Amino acid sequence: SAYAAEHNWRFANLYTRGTAFGDVYGSMAENIETMSGGRIKVKMMYAGEGVDTRGILGGVKSGLITMGAHFQPMNAGELPAGIVEVGLPGGTADVGELSVLFHEKGFNEVLTRAYAEQGMVYLNPYIQPPVYLLTKKPINSVEDFKGLKLRAPGAYGKFVRNLGASPVSMTWSEIYTGLATGVIDGSIGSNLIDHRDGNHAEVAKYMYRLPLAGAQVLPVVVNKKAWDKLPDDLKAIVKAATAVHARDQMTKSRLWESQAIADMEAKGMKWSPEPSEADKAAWAKAGENLWGEYAKSDKFSAELVEILKKQ
Amino acid sequence: MMGIELLTGILLLCILVSFALGAPVGFALGGIAMAVGYFTWGDGIFQIVPNTFESVLFSFILLSIPLYIYMGQLLTRSGIGDAMFNASQLVIGKLRGSLAISVIGVCSMIGAMVGIIGAGIMTSGSIALKPMLDRGYDKKLALGVIMAGGGLGILIPPSVPMIMFAASTQNSVGKMFVAALFPALLAIIFLVSYIIISCKLNPERAPLGTGAEAKMTPKEKARTLRDGFMSVFLIFAVLGSIISGIATPTESGAIGVVGAVILAFFFKRFRLGMFRMAGMETAMLVSVAMWIILGATLFSNFHLMMGVQDMIASFTQDLGLPPLGVVILMQLVMLALGFIIDEFIIVLMCAPLFTPIVVDLGFDPIWFGILMILNIEIAVQTPPYGFALFYLKGIAPPGVTMLDIYKSVTPFILLKLCVLIICMLFPELVMWLPNKVMGP
Amino acid sequence: MVKKLIIFYCTGIDRLISFIGKSISLLMPCLALVIAYEVCSRYVFNQPTIWAYDTSLFFSAYLAALGGAYAYQKNAHINVDILYLAVSNKTKRVFNILTGVLAAFFMLILILMAREKFAEAVKFDYRKMSNWAPPTHHFWMMLIVAAVLIILQISSNMMKDIFYIFTGQDLLPEPEIDTEQEDDQ
Ligand code: NA
Ligand code: NA
């Protein structure tokens, strides 16, 4: 552009250039620019373009990037409350319930403090589709999980251990080979679309029907110092753009999730049989006792789990 | 603020000056990125350091570099690795250049174990460079063979760049792996033919019969054959551990290390001093490789933060070229990027930028992905700046200069360029097998 | 007298860094063992560990970063030596000083940033994202040490180079290449 913007921002997200999700963040960046009449210029940084995906949170903290959309499980060791935020195993899928939880029952308020403690401003959270488990063999009952080696990091690892499986640590780019050769018997993906993009259904055909957590809630965060430099009207504009973005995520991710399922089914993905009531109960139980454990990880997590239990 | 084109020019100039002064590559790249960053961005850019160091030093994929080099060092220093080549010389030693051909064979097997360039070249170099030099092979031929053979690491499955390409363009990894087989075979045939022809024309490049096996007693011969057989067996055991799902490609390096130690004990060749020296040499090579990767990643992260990807994106728009012309131009851009950026970043950056355009022009994305892998293999070996060149210098004996390395890789780069061009002009060569096996 | 002091400084630093470089290489067999143990415990006992993944990454990080100074001492870091080999010995020393300053600048920034991260990691008790969740503060402290060692080695090299430029003589006798052979064989 010919003129200089008042604020030059950098916005990093988790997805590579050209992916559907990447475009949603891209249009949020464009929205901020147009809604602010060009006073804020936002440069979009996709995955691998300067900041490692695990480093988005740290980048926003230090001001290297102004705004970031990170994936909390990757930063579980730096901001444990993010694990409760994204959704503990056994959490709800109901969008209305989640909205009440965040906006009315106090999640937003606690998380605002949690992020502020590390120099970040917490903006409107948005909802993405849940985490599913893909296995090489069909799962006919929960018993079948016993002894399986599943790639499941962090909280999900503890969940599958409660089911009798063994969580395996494996780097993302080895999941495909790991599934193909049988080093692991299954893997979780950050959502169904992720399974499609990783081509995992080529080498592991069975998707389990129950998601590990109902839905995932992710935030957009901004570096505190950059935020404080904005006049109130621009702050309002950025907030408005994040609200539009949250709506976008909701409508589009539903659509993409069903497309991803269709794509994978076309390539031979199958669903494991419908779980019985007893299976569903066992599944829920595996998630429940994790809540107490995660409440212990820090003070903000404790507050969040307290709110969850009151639900 | 400075335009990205001008900034890129300044960065290139700084690289050339610091390289001319003989600066250690990794430290120079890091220092330049930080100094130029300070003057264009301010001290905020220094915050890029923690993220870069964390992501490089905590990258599990890069662990295959120490593990496989260690296996190579243990095999070489215990004499088991040499035994493999001695045995091959007993069998096919009458053919001029046969040792270099065995080396290509061993490199192909290593290529089937490792998934990244650095591990391929440094492991092949650890095992196979010394036997060639000991037998009086021409230095340039020996270095070039290691470079060309080690580069097969990303062309023969498993291959990390292929997995990254498939993921970022939503294509089948399995199909990529199968599609790479014919180009890999073509590359191997070209390399072997070149060695045979070149040694025929210049017999002094590959002396005959100067090896120890010329004056061996039958008992020694039997021992050599047995040792050679066992070391090939170790390589197959490592390959088997990957294929049978015991370990991932990275982890299998550790199996190779344990196997090499067991073999050394078995053949009574284990010495504490040998074991210590192998560890020290490996540690040194790993440190050298990792500091290059650290500095270079810092450099490219800075360049990406300043928007080099937008420059590439705008460059390939609205060209008004015929379809194949666009593909060729993209190949040239990637070759040029190999000037300053490593294999993973080229894929991460170019795959999503270029592939949709190529698909719109009516080409097969898998075919384009294979071209990209072939291209990267060339780009990282092209002077003056290429990771593969630096890795090779790290593994080469003292006294080998960078100029030696530049000269030695040139014919092999041309061979690989031929493979690239053939695969570009005849897409059916690449696509026939995967379409046959997995359907179009 | 000054010369003695400089010699004392340079040999002291060279010895320290050589000691650290050789000691750190002991991590190499440990690294291989940890990963081999993980494979065995997963495949044979069907009990993957929760600690092997992060431990192996810490080992390799320590190995790579802390070995940097020793590689500097041994001139093992890769350079493009085309012009370098063509110039006189004195010019070489001038080149060394210039490139040493650039490398030391990079290391100085690494120290500043790692110090900041170390303080942050201690304050917020940063950990790895895994189930095992080991603390990461020591990693930043290790980077500070690695960078300080590299700066020390550069300073020692610079002393030798400056001495040569002024006197035309080597401060210390040239170390033989690969002084340590496989001695106990
Ligand atoms: Na490979
Ligand atoms: Na190059």
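Table for the structure above
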{"quantity": "Residues of type aspartates and glutamates that A:K235 reaches as a straight line, Cα spacing below 15 Å, ignoring anything fewer than 8 places off in the same chain", "calculated": "A:E6, A:E33"}
{"quantity": "Vicinal HN-Hα couplings computed from phi for the range A:298-307 (Karplus, 6.51 cos²θ - 1.76 cosθ + 1.60; Hz; Gly/Pro x)", "calculated": "6, 5, 5, 4, 4, 4, 5, 5, 4, 4"}
{"quantity": "Sulfur and carbon atoms: percent of accessible area, the protein assembly as shown [1.4 Å]", "calculated": "64 percent"}
{"quantity": "Percentage relative contact order, chain C, counting C-alpha pairs under 8 Å, at least six apart", "calculated": "28 percent"}
{"quantity": "Hits among lysines - C-alpha to C-alpha of A:K229 under 17 Å, sequence gap 8 or more where chains match", "calculated": "A:K41, A:K61, A:K239"}
{"quantity": "Within 10 Å of each Cβ in C:107-117, the average number of Cβ atoms from other chains", "calculated": "5"}
{"quantity": "Amide proton proximity set for A:S166, modelled H, under 5 Å, gap of 5+", "calculated": "A:G147, A:L148, A:K149, A:L150"}
{"quantity": "Approximate spin-label separation B:T40-B:W432, in nm, with each point projected 7 Å along Cα-to-Cβ", "calculated": "4.7 nm"}
{"quantity": "Cα pair distances in chain A, grouped into 10 Å bins until the bin that holds the longest one, percent each", "calculated": "6, 26, 34, 23, 8, 2, 0"}
{"quantity": "Projected-area mean, the range A:109-216, by convex hull of Cα positions, square nanometres", "calculated": "7.9 nm²"}
{"quantity": "Length released on extending from B:T410 to B:N202, taking residue separation times 0.36 nm less the Cα-Cα span", "calculated": "73.2 nm"}
{"quantity": "Averaged over B:163-172, number of beta-carbon atoms from partner chains that fall within 10 Å", "calculated": "6"}
{"quantity": "Student exercise, the protein assembly as shown dipole from Lys, Arg, Asp, Glu Cβ charges, in Debye to nearest 20", "calculated": "1840 debye"}
{"quantity": "Minimum 50 Å² accessible area buried by the other protein chains, the range B:238-252 residues, probe 1.4 Å, relative to alone", "calculated": "B:G245, B:I246, B:T248, B:E251"}
{"quantity": "The range B:299-370 - percent relative contact order, Cα under 8 Å, separation 6 or more", "calculated": "28 percent"}
{"quantity": "Between the range B:154-211 and the range B:333-401, the Cα center-to-center distance that results, in Å", "calculated": "15 Å"}
{"quantity": "Inter-chain shielding of A:52-61 (mean C-beta neighbours from other protein chains, 10 Å cut-off)", "calculated": "4"}
{"quantity": "Relative contact order of chain A, pairs being alpha-carbon contacts under 8 Å that are 6 or more residues apart, as %", "calculated": "24 percent"}
{"quantity": "Alpha-carbon centroids, the range B:87-151 and the range A:211-230: separation in whole Å", "calculated": "52 Å"}
{"quantity": "Backbone HN-Hα couplings from phi across the range A:117-132 [Karplus 6.51/-1.76/1.60, Hz, Gly and Pro as x]", "calculated": "4, 10, x, 10, 9, 8, 9, 2, x, 10, 10, 10, x, x, 8, 10"}
{"quantity": "Nearest-0.05 FRET efficiency for A:A236 and A:K146, computed from C-beta distance (R0 56 Å)", "calculated": "0.55"}
{"quantity": "28 Å Cα-Cα reach of A:K309 towards lysines, excluding residues that sit fewer than 8 places from it in its own chain", "calculated": "A:K105, A:K158, A:K280, A:K285, A:K296, A:K299, C:K128"}
{"quantity": "Chain C: angle of helix C:89-124 to the longest principal axis, Cα-based, in degrees nearest 10", "calculated": "30 degrees"}
{"quantity": "Per DSSP, loop chymotrypsin sites (Phe, Trp or Tyr not before Pro) in the range C:40-130 with at most 11 further Cβ within 10 Å", "calculated": "C:F45"}
{"quantity": "List of the range A:28-50 residues, accessible area with partners at least 20 Å² below that of the chain alone (1.4 Å probe)", "calculated": "A:K43, A:M45, A:G48, A:E49, A:G50"}
{"quantity": "Theoretical ellipticity at 222 nm over the protein assembly as shown - DSSP helices of four or more residues, -39500 (n - 2.57) apiece, nearest 500", "calculated": "-21000 deg cm²/dmol"}
{"quantity": "Residues in the range C:122-157 occluded by at least 20 Å² - accessible area, probe radius 1.4 Å, against chain by itself", "calculated": "C:F124, C:Y126, C:R127, C:K128, C:M129, C:N131, C:F139, C:W140, C:L143, C:I150"}
{"quantity": "Sites A:E274 and B:A237, calculated FRET efficiency, Cβ-Cβ separation with R0 56 Å, nearest 0.05", "calculated": "0.80"}
{"quantity": "Estimated buried accessible area (total), pair B and A, 1.4 Å, Å² to nearest 100", "calculated": "3000 Å²"}
{"quantity": "GluC sites (Glu not before Pro) restricted to DSSP loop in the range A:29-113 with at most 16 other C-beta within 10 Å", "calculated": "A:E104"}
{"quantity": "Cβ-derived FRET efficiency at R0 60 Å, A:K296 paired with B:K268, nearest 0.05", "calculated": "0.65"}
{"quantity": "Distance violations [Cα-Cα > 27 Å] among A:K149/A:K270; B:K175/B:K416; B:K94/B:K219; C:K117/C:K160; B:K94/B:K268", "calculated": "C:K117/C:K160; B:K94/B:K268"}
{"quantity": "Fraction of beta bridges assigned by DSSP in the protein assembly as shown that are antiparallel (%, nearest 5)", "calculated": "50 percent"}
{"quantity": "Nearest-ten-degree value, helix B:343-360 long axis tilted from longest Cα axis of chain B", "calculated": "60 degrees"}
{"quantity": "Nitroxide proxy distance, nm - points 7 Å out along Cα→Cβ at C:F45 and A:E117", "calculated": "3.6 nm"}
{"quantity": "Accessible solvent surface per residue of the protein assembly as shown, calculated while the other protein chains remain in place, 1.4 angstrom probe, Å²", "calculated": "37 Å²"}
{"quantity": "Residue among B:M438, B:V91, A:L212 farthest towards the positive dipole end of the protein assembly as shown, charges placed on Cβ", "calculated": "B:V91"}
{"quantity": "C-alpha center-to-center spacing [the range A:50-118, the range B:225-258] in angstrom", "calculated": "43 Å"}
{"quantity": "GNM result for chain A, Cα springs below 10 Å: residue of A:A266, A:A165, A:A226 fluctuating most strongly", "calculated": "A:A266"}
{"quantity": "Mean projected area (nm²) of the alpha-carbon convex hull when the protein assembly as shown is viewed from all directions", "calculated": "39.2 nm²"}
{"quantity": "Cα-based helix-to-principal-axis angle, A:277-295 vs chain A, degrees rounded to 10", "calculated": "50 degrees"}
{"quantity": "Calculated from backbone phi, Karplus (6.51, -1.76, 1.60) coupling profile of the range C:125-135 in Hz, x at Gly/Pro", "calculated": "6, 5, 9, 6, 6, 6, 4, 5, 6, x, x"}
{"quantity": "Reduced Cα scattering model of the range B:236-361, Debye log10 I(q)/I(0), q = 0.09, 0.16 Å⁻¹", "calculated": "-0.50, -0.91"}
{"quantity": "Residue among B:P207, B:P158, B:P397 with the largest mean-square fluctuation in a Gaussian network model of chain B, springs linking Cα atoms under 10 Å", "calculated": "B:P397"}
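The values are calculated or read from the model by the stated rules, or taken from the named source; none is laboratory data. The structure presented is a predicted model; accordingly, all values stated were derived computationally and were not measured. Cβ atoms come from the backbone with ideal geometry, glycine included; neighbour counts cover every protein chain shown. Remember, those area values only see protein heavy atoms, side chains included, never the ligands or the DNA or RNA. Shrake-Rupley method; radii C 1.70, N 1.55, O 1.52, S 1.80 Å.
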